[in-house]
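Shown next, in structure tokens, is the structure this report addresses.
Please treat every number below as a calculation from the coordinates, not as lab data. Model, not experiment: these values are computed from the prediction. When we count neighbours, we look across all protein chains shown, and the Cβ atoms used for this are built from the backbone with ideal geometry, even at glycine.
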Amino acid sequence: MLVGAPDTGKSTFAHRLLEAAAAAGVSAAYVDADVDQTTCGPPACVGLHWVHRPQDLSDLGRADALEFVGSIRPERVVLEQVVATAKLADLARTRAELVVIDTTGAISGVVGQTLKYHKMELCRPDAVVGLQRGGELEPLVGMLRRFFSATVELRAADPDVRPTSPEDRRARRAAAFAAAFAAPLERWRVRPTVFAPTLPAGLDLARLDRVLVGLMDGRGRCLGLGVLEHDDGLLRVLTNSGEEMRGLRLGSLTMDPATWEVHPVRLSEVMFGLD
Ligand SMILES: Nc1ncnc2c1ncn2[C@@H]1O[C@H](COP(=O)(O)OP(=O)(O)OP(=O)(O)O)[C@@H](O)[C@H]1O
Ligand SMILES: [Mg+2]
């Protein structure tokens, strides 16, 4: 498991590990638990990509398995993010000798530390590599070493790593969402009974307009993303992966389908007008 603040070279390090594994004939899996600046699968999701041969590295962006989280920030979705990562780490273990888990740059504060604590607890890595500038990972690593038996190795982030500006991050995220909504897109009519969490009785469906959803197949598999549209009392989902959908998981983001930009929302506010 790789941990580190934004722009410390986690994803590059992950890529090198996978290259080395593939070159050595070690079957590997990449679990991309970064839900913002994702490498594998769309943002707001955790993705898994099998790397059994060197050529599998050429399409690392395509997720072989996907879990919906519904947010690009860990605040308020620590549970969803930990469960998603743990499920894919478990799946990865079934068919890979080396599992590389890339994580979000949240390393501090209650949210970052709680997230990492529970990821450790459920993903059970043998080794953690922390990439840091100065001593920024010391508090987190101190905690991980106290509570878990995994080897934790700290490395200095390469000074050549280029920081990504907030504008570039937004543009990369929007491009990744655009790719997840690549043509052919379809609009499917959806009934108000297909959601998790369940909609409260009498909810004005217009409140769900533009909410990002995860399409689920009814057997625990995430098929892809969709965005809800409300028009004239009817609710539809815009998606390119609707064929086998049985249920929709509500995310904590709204999406503008013209730009693929997202904005955070609180589901409890959308559904109940509550904070
Ligand atoms: N050792 C290195 N030397 C030079 N450049 C590097 C090195 N490692 C990474 N980079 C470059 O720095 C940038 C950020 O690296 P990377 O995406 O691996 O970081 P990250 O920690 O995964 O960032 P994020 O928090 O956005 O996920 C990339 O453009 C990458 O090519
Ligand atoms: Mg990264």
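Per-structure values
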{"quantity": "Residue 189 versus residue 234: modelled label distance in nm, points set 7 Å from Cα along the beta carbon direction", "calculated": "0.6 nm"}
{"quantity": "Inter-centroid distance (Cα atoms) of segment 134-151 relative to segment 91-111, Å", "calculated": "15 Å"}
{"quantity": "Span-like helix ranges in the chain, DSSP H, alpha carbon extent 15 angstrom or more, Kyte mean at least -1.0", "calculated": "10-23, 78-95, 109-123, 166-180"}
{"quantity": "Near-label residues of segment 231-246 by backbone N, under 20 Å of a point 7 Å along Cα→Cβ of residue 209", "calculated": "231-239"}
{"quantity": "Principal semi-axes in Å for segment 2-156 [√(5λ), Cα gyration tensor, largest first]", "calculated": "23, 18, 14"}
{"quantity": "Rg over Rh [alpha-carbon atoms, Kirkwood Rh] for segment 1-86", "calculated": "0.98"}
{"quantity": "Cα pair count fraction exceeding 36 Å, expressed as % - the chain", "calculated": "15 percent"}
{"quantity": "Cα pair distances of segment 176-272 binned at 10 Å [whole percent]", "calculated": "16, 54, 28, 1"}
{"quantity": "Share, in percent, of DSSP beta bridges within the chain that are antiparallel, nearest 5", "calculated": "65 percent"}
{"quantity": "Cα gyration tensor shape for segment 125-193, rounded if a/c is under 1.5, else prolate or oblate", "calculated": "oblate"}
{"quantity": "Qualifying GluC sites (Glu not before Pro) in segment 1-88, DSSP loop, other Cβ atoms within 10 Å at most 16", "calculated": "75"}
